[in-house]
Amino acid sequence: MISQREDLMEKVVSLCKRRGFVYPSSEIYGGINALYDYGPYGVALRRNIRNLWWRHVVDLREDVVGLEASIIMNSEVWVASGHVGGFTDPMVDCLGTCKKRWRADHLEGDRCPECGGPLSEPRQFNLMFKTYVGPVEDAAAQVYLRPETAQGMFVDFKNVVQSTRVRVPFGIAQQGRSFRNEISPGNFIFRLREFEQMEMEFFVRPGEDERWHDYWIDERRRWYTKVLGLRSERLRLRAHGADELSHYSKATTDVEYAFPFGWGELEGIANRTDFDLRSHQQHSGQDLTYLDPETNERYLPYVIEPAAGVDRIMITALVDAYDEDEVNGETRVVLRFHHNLAPVEVAVMPLSKKDTLIAPAREVQDLLRQHFRVEYDQTGGHIGRRYRRQDEIGTPFCVTVDFDTLDDRAVTIRERDSMEQERVPIAGLLERLRERLA
């Protein structure tokens, strides 16, 4: 087991590049700060995260529906939400040699953490990216890349209620890209300028909001431990103090994870009251109240918002799964993913590239690929090295086709964590893997 966490982040970053999880964006041109591309295994891991979130937040429930809102919205949306006037961070400039810019509230002391030089007075910096719609770049054409997905669900609240059979309490869920011009991003993909959110706005009757807030705090923490398999001892719930609550929040609790760089927010569950619907109703002039069909009462619902990010969950899963042990005097790197998250669930390998083994190996691949995420590897070379590669991407099981397979119609299942091997007839392979992955 890995005993030192101080250099864990560096090891995870190196593994991500080496094994195709994450690449620096535009790397051949020198890259661009806080923007990343996701390689083949990163795409697979992210898809698993998104699918698992959607499965448990939407598909398995009768009270949540989905939405995909536009990334670019009418600028008045962001005026009403408070983002144009108040979505800012305090920024300071280094007046010394490095000339870097920093978030003032992330610094300790009055000196630059890079070069030790003096710092300028703080000034507010709006985090939204501006762009223009149409051929003329003037104030009338100015719009913003959305800094969050939430507002699309508020402005479409009335449409969803009128076009579906939803009744309060119910939720609207959305996944999609958001953009924030962070002053000092960092810690790899933990804080980015372009990121992917998974948010749900759960609309409830005023007065029932505190009960639903507690419900979603418990529900979301359980998802991380039971569905993603994250270690419970590295998770905690932290309620925001009165001095750190957002302007829209009555109460917020974060799910935090113990990263190598300290505790960091993994997801926030906020009680937004009726702030957003009330603001959009006032600015748009549209009636956004809800008519309760049972009581004939009209009111603006309160909203409970669980808001998570794919990128933060991805880096959390990688850090949580990373481990090292010693095998035959050599260090083995292994990602101990829960099989729900693993980019590849089963790797199929012929022991050699001889034609006599390729046909049964392809037969096994075809048998399994309809049921599991399967990778086929006939690159040759020592089977142990191929096992190590699968360990590094977190594959729970490898299935090896060898020369004995030609006689006994059986294959070897090799388990990632224990490295134990089991001989199984091909006829019973599918059922056996189902048992072991259950």
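The values are calculated or read from the model by the stated rules, or taken from the named source; none is laboratory data. Predicted model, so just to flag it, every value in this text is computed and none were measured. Heads up, the Cβs are rebuilt from the backbone with ideal geometry, glycines too, and the neighbour counts pull from every protein chain shown. Heads up: the accessible areas ignore ligands, DNA and RNA and are worked out on the full protein's heavy atoms, side chains in. Shrake-Rupley method; radii C 1.70, N 1.55, O 1.52, S 1.80 Å.
Mind checking which residues of the stretch 396-411 are under 15 Å from Ala347 (Cα atoms) and open to solvent by less than 20 Å² (accessible area, probe 1.4 Å)? If the condition is that a residue be under 15 Å from Ala347 (Cα atoms) and open to solvent by less than 20 Å² (accessible area, probe 1.4 Å), then Pro396, Phe397, Cys398, Val399, Thr400, Val401, Val411 are the ones that fit.
Cβ-Cβ distance below 9 Å, separation of 6 or more or different chains: which pairs start in the stretch 228-243 with a residue that is within 13 Å of Gly268 (Cβ to Cβ) and end on one that is open to solvent by 40 Å² or more (accessible area, probe 1.4 Å) and hydroxyl-bearing (Ser, Thr, Tyr)? From residues that are within 13 Å of Gly268 (Cβ to Cβ), the pairs are His240/Ser246. Among residues of the stretch 164-195 being under 20 Å from Asp59 (Cα atoms) and charged (D, E, K, R), the one that is surrounded by the most Cβ atoms within 10 Å (Cβ to Cβ) is Arg167. Just the residues that are open to solvent by 70 Å² or more (accessible area, probe 1.4 Å) and in contact with a strand residue (DSSP E or B) (Cβ under 9 Å, 6 or more places away or on another chain), please, taken from the stretch 224-237. Residues satisfying the conditions are Glu233, Arg236, Leu237.
Looking only at residues in the stretch 321-373 that are polar (S, T, N, Q) and within 21 Å of Val12 (Cβ to Cβ), the one that is modelled with the highest pLDDT is Asn340.
Please work out which residue is surrounded by the fewest Cβ atoms within 10 Å (Cβ to Cβ), limiting yourself to the stretch 375-394 and to residues that are farther than 27 Å from Val319 by Cα and polar (S, T, N, Q). The residue in question is Thr379. When you check Asp37 against the structure, is it open to solvent by 60 Å² or more (accessible area, probe 1.4 Å), under 27 Å from Leu127 (Cβ atoms), at pLDDT 95 or above and acidic (Asp, Glu), yes or no? Considered against the rule, which asks whether it is open to solvent by 60 Å² or more (accessible area, probe 1.4 Å), under 27 Å from Leu127 (Cβ atoms), at pLDDT 95 or above and acidic (Asp, Glu), Asp37 comes out as yes. Of all the criteria given as (1) open to solvent by less than 10 Å² (accessible area, probe 1.4 Å); (2) among the aliphatic types (A, V, I, L, M); (3) farther than 29 Å from Glu233 by Cα, the one not satisfied by Met314 is (3).
If you go through the stretch 386-411 and pick out every residue that is part of a helix (DSSP H, G or I) and acidic (Asp, Glu), you end up with 4.
Close Cβ contacts (under 6 Å, 6 or more residues apart or on different chains) running from residues in the stretch 26-38 that are under 20 Å from Met314 (Cβ atoms) and in a loop (DSSP other than H, G, I, E, B) to residues that are of a type in the set (A, V, I, L, M) and open to solvent by less than 70 Å² (accessible area, probe 1.4 Å) comprise Ala34/Leu192.
Each residue in the stretch 197-230 was checked for being more than 30 Å from Thr289 (Cβ to Cβ) and in contact with an Asp or Glu (Cβ under 6 Å, 6 or more places away or on another chain), and 1 pass.
How many of the residues in the stretch 201-214 are in contact (Cβ under 8 Å) with a residue 24 or more places away in the chain, assigned to a helix (DSSP H, G or I) and open to solvent by 30 Å² or more (accessible area, probe 1.4 Å)? The qualifying residues number 2.
Figure legend. Inter-residue proximity from the stretch 129-147: first residues in contact (Cβ under 8 Å) with a residue 40 or more places away in the chain, second residues among the basic types (Lys, Arg) and outside any loop (DSSP other than H, G, I, E, B), beta-carbon distance below 9 Å, spacing 6+ or different chains. Indicated pairs: Gln142/Lys130; Val143/Lys130; Tyr144/Lys130; Leu145/Lys130; Leu145/Arg177; Arg146/Arg177.
Only one residue in Leu291, Leu300, Leu318 is more than 29 Å from Asp218 (Cβ to Cβ) and among the hydrophobic types (A, V, I, L, M, F, W, C), so which one is that? Matching residue, one of Leu291, Leu300, Leu318: Leu291. From the set of residues in the stretch 41-59 that are in contact (Cβ under 8 Å) with a residue 60 or more places away in the chain and not hydrophobic (A, V, I, L, M, F, W, C), which is nearest to Arg220 (Cα to Cα)? So, considering only residues that are in contact (Cβ under 8 Å) with a residue 60 or more places away in the chain and not hydrophobic (A, V, I, L, M, F, W, C), the one nearest to Arg220 (Cα to Cα) is His56. Checking every residue in the stretch 40-57 against the condition of being surrounded by fewer than 17 Cβ atoms within 10 Å (Cβ to Cβ) and part of a loop (DSSP other than H, G, I, E, B) gives zero matches.
Taking each residue of the stretch 351-368 that is within 19 Å of His382 (Cα to Cα) and looking for partners that are of a type in the set (Gly, Ala, Ser) and surrounded by fewer than 18 Cβ atoms within 10 Å (Cβ to Cβ) with beta-carbon atoms closer than 9 Å, six or more apart or interchain, yields Ser352/Gly380; Lys353/Gly380. Here Asp63 meets each of (1) open to solvent by 70 Å² or more (accessible area, probe 1.4 Å); (2) in contact with a Phe, Trp or Tyr (Cβ under 9 Å, 6 or more places away or on another chain) with one exception, condition (1). Is there a residue being in contact with a strand residue (DSSP E or B) (Cβ under 6 Å, 6 or more places away or on another chain) and closer than 25 Å to Glu375 by Cα anywhere in the stretch 5-16? So far as the stretch 5-16 goes, yes, one or more of its residues are in contact with a strand residue (DSSP E or B) (Cβ under 6 Å, 6 or more places away or on another chain) and closer than 25 Å to Glu375 by Cα. Taking the listed residues Arg423, Arg432, the one that is of a type in the set (Lys, Arg), closer than 18 Å to Glu363 by Cβ, assigned to a helix (DSSP H, G or I) and open to solvent by 30 Å² or more (accessible area, probe 1.4 Å) is Arg432, with no other qualifying.
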